[in-house]
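Chemist: Structure provided below as structure tokens; questions to follow.
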Amino acid sequence: MQLVGKCAVVTGASSGMGHAIVERFAREGANVVAVARRKERPEELKASLADAPGKVELFAGDISSAETNNAMIDHCIEVFGGFDILVNNAGVMDDMVGVADAIDEKFDHVMKVNVFGPMCAMRKAVQTFKASGTKGSIINVASVGGMRNVAGAIYCASKAALISMTKNTSFMYWSDGIRCNGIAPGGINTEISASMGMPNMEGYGKVQKMLAMSPAPGSAEDIANTALFLASDQSSYILGDILVVDGGWIS
Ligand SMILES: NC(=O)c1ccc[n+]([C@@H]2O[C@H](COP(=O)([O-])OP(=O)(O)OC[C@H]3O[C@@H](n4cnc5c(N)ncnc54)[C@H](OP(=O)(O)O)[C@@H]3O)[C@@H](O)[C@H]2O)c1
């Protein structure tokens, strides 16, 4: 077991990758605060992990608010007595539009969830790690969209911003012993398309042509394995990196 004695906060725990990361971390011995707006599925996940070496605690909240991001980390310290690992995984898609059709409200929403929320969580995490002298690990789930722009303009910009903030956070705080890395998934089988609503057909058609060149989709467990690697001491010399997990799609 690679995470015994560690305490983690994982956002987006009610489905897809976040769900799989919570499970993987708890089975590796970590105590995990599982964050999402919906409560039912994290409750089921917690029940299914009753025999795991790590404990799971739920925290219901919207990560587009600073309050949730601060409170979820405080909650981790209150219930588990420590905080070592932050996984900023929660995210939403845009509607696949190019910039000519971009809608202001969509921009605000996607940026709040995909960039502002993780920024607030990283701020609180770094402050907490520095105050306690913890050599913590931050993992941000970005996207190949933030590198190769194969989605809508707003989504790609949000993930490019997250990649930039990941590298900057690593640069700023490596001397404090804090590691910050990212994961850039390709096409992964989850429920993310539900956050898209009705896509813009012109943009969607262009993205589909690129998706047709992608290998078969990966699984949420592929991402959970990568998050485990980045959270564990196995990756102690990896800082400010973005691990692409896409079956070879953009390479
Ligand atoms: N699937 C892919 O192909 C793919 C590819 C590249 C990158 N990604 C990225 O991978 C991450 C995980 O996505 P996924 O594919 O696992 O998607 P998913 O199955 O839709 O899960 C997204 C999670 O984020 C949570 N979430 C969304 N908005 C939230 C908010 N405002 N506050 C709190 N939680 C919120 C959702 O929970 P609630 O709705 O219960 O709040 C859900 O648990 C995202 O950052 C996504 O951009 C996905």
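Chemist: Among the residues of the range 68-79, what is the count of those that are more than 12 Å from the ligand (Cβ to nearest atom), β-branched (Val, Ile, Thr) and out of contact with any strand residue (DSSP E or B) (no Cβ under 7 Å at 6 or more places or on another chain)? Can you show your working first?
Modeler: Residues of the range 68-79 more than 12 Å from the ligand (Cβ to nearest atom): 70-71, 73-79.
Retained after the next criterion (residues that are β-branched (Val, Ile, Thr)): 73, 77, 79.
In the following step, the residues that additionally are out of contact with any strand residue (DSSP E or B) (no Cβ under 7 Å at 6 or more places or on another chain) were identified as 77.
The qualifying residues number 1.
Chemist: Another question, then. Could you tell me whether the range 168-183 includes any residue that is of a type in the set (A, V, I, L, M) and within 16 Å of the ligand (Cβ to nearest atom)?
Modeler: There is at least one residue in the range 168-183 that is of a type in the set (A, V, I, L, M) and within 16 Å of the ligand (Cβ to nearest atom).
Chemist: Is it fair to say Ser65 is out of contact with any Ser or Thr (no Cβ under 8 Å at 6 or more places or on another chain), of a type outside the set (A, V, I, L, M), free of Cβ contacts under 8 Å to residues at least 60 places away in the same chain and within 14 Å of the ligand (Cβ to nearest atom)?
Modeler: yes
Chemist: I would also like to ask the following. State which residue is nearest to the chain's Cα centre (by Cα) when the search covers only the range 80-95 and only residues that are of a type outside the set (Asp, Glu) and more than 16 Å from the ligand (Cβ to nearest atom).
Modeler: Per the criteria, the residue is Ile85.
Chemist: Same structure again: Does Asp62 satisfy being more than 20 Å from the chain's Cα centre (by Cα), in a loop (DSSP other than H, G, I, E, B) and more than 22 Å from Ala184 (Cβ to Cβ)?
Modeler: Answer is no for this residue.
Chemist: Please determine, by comparing only the residues of the range 7-20 that are near the ligand (Cβ under 9 Å from one of its atoms) and of a type in the set (A, V, I, L, M, F, W, C), which one is nearest to the chain's Cα centre (by Cα).
Modeler: Met17
Chemist: Among the numbered conditions (1) crowded, with 17+ Cβ neighbours inside 10 Å; (2) more than 22 Å from Lys124 (Cβ to Cβ), tell me where Gly91 comes up short.
Modeler: (2)
Chemist: Could you count how many residues in the range 14-27 are in a loop (DSSP other than H, G, I, E, B) and without any contact (Cβ under 8 Å) to a residue 60 or more places away in the chain? Spell out the reasoning first.
Modeler: In the first step, residues of the range 14-27 are kept if they are in a loop (DSSP other than H, G, I, E, B); the result is 14-15.
The next check asks that each one be without any contact (Cβ under 8 Å) to a residue 60 or more places away in the chain; those that pass are 14.
Here the count works out to 1.
Chemist: Another question, then. Quickly run through the range 44-59 and pick out the residues that are surrounded by fewer than 15 Cβ atoms within 10 Å (Cβ to Cβ) and outside any loop (DSSP other than H, G, I, E, B).
Modeler: Answer for the range 44-59, where residues must be surrounded by fewer than 15 Cβ atoms within 10 Å (Cβ to Cβ) and outside any loop (DSSP other than H, G, I, E, B): Glu44, Ala47, Ser48.
Chemist: Kindly indicate which of Ser193, Ser175, Ser170 is under 20 Å from Ala227 (Cα atoms), surrounded by fewer than 23 Cβ atoms within 10 Å (Cβ to Cβ), polar (S, T, N, Q) and out of contact with any helix residue (DSSP H, G or I) (no Cβ under 9 Å at 6 or more places or on another chain).
Modeler: Ser170
Chemist: When you scan the range 49-58, do you find a residue that is more than 12 Å from the ligand (Cβ to nearest atom), within 23 Å of Ser235 (Cα to Cα) and not aromatic (Phe, Trp, Tyr), even just one? Talk me through it step by step, then tell me what you get.
Modeler: Of the range 49-58, the ones more than 12 Å from the ligand (Cβ to nearest atom) are 49-57.
In the following step, the residues that additionally are within 23 Å of Ser235 (Cα to Cα) were identified as 53-54.
If we keep only those that are not aromatic (Phe, Trp, Tyr) as well, we get 53-54.
Yes: the range 49-58 contains one or more residues that are more than 12 Å from the ligand (Cβ to nearest atom), within 23 Å of Ser235 (Cα to Cα) and not aromatic (Phe, Trp, Tyr).
Readers should treat all values here as calculations from the given coordinates under stated rules, not as data from a laboratory. These numbers were taken from a predicted model, which means no experiment stands behind them. Here the Cβ is made from the backbone with ideal geometry for all residues, glycine too, and neighbour counts use every protein chain on show.
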